[in-house]
1. What list of ³J(HN,Hα) values in whole Hz, one per residue of the stretch 32-42 in order, does the Karplus curve 6.51 cos²θ - 1.76 cosθ + 1.60 (θ = phi - 60°) give from phi, with Gly and Pro shown as x?
2. Residue-wise, which Karplus ³J(HN,Hα) couplings in Hz belong to the stretch 22-29, taking 6.51 cos²θ - 1.76 cosθ + 1.60, θ = phi - 60°, and x for glycine or proline?
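Since every read-out is calculated from the coordinates, none of them should be taken as a lab result. These numbers were taken from a predicted model, which means no experiment stands behind them.
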Amino acid sequence: MKDSKARRTEKPSNTERDHPHLWVSLMVIFILLILMALGQWDFVLAGFIGLIVGNGLAGLTGR
């Protein structure tokens, strides 16, 4: 009984949590879709370049 209660109160380690990069990238993509619908192509291009560079650097540095 004591072990089951201890398991419920433990927080998951960092490796078991979701990566925030994915959620931030999805939010940026949805914002870019809205900007596409509004015809703001310069911001869309800048956003895609930012996604590529940001995710590339995150992958290279392991963060």
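1. So the J values, rounded to whole Hz, are 5, 4, 5, 5, 4, 5, 7, x, 8, 5, 5.
2. Result, ordered by residue: 4, 5, 5, 4, 5, 5, 5, 4 Hz.
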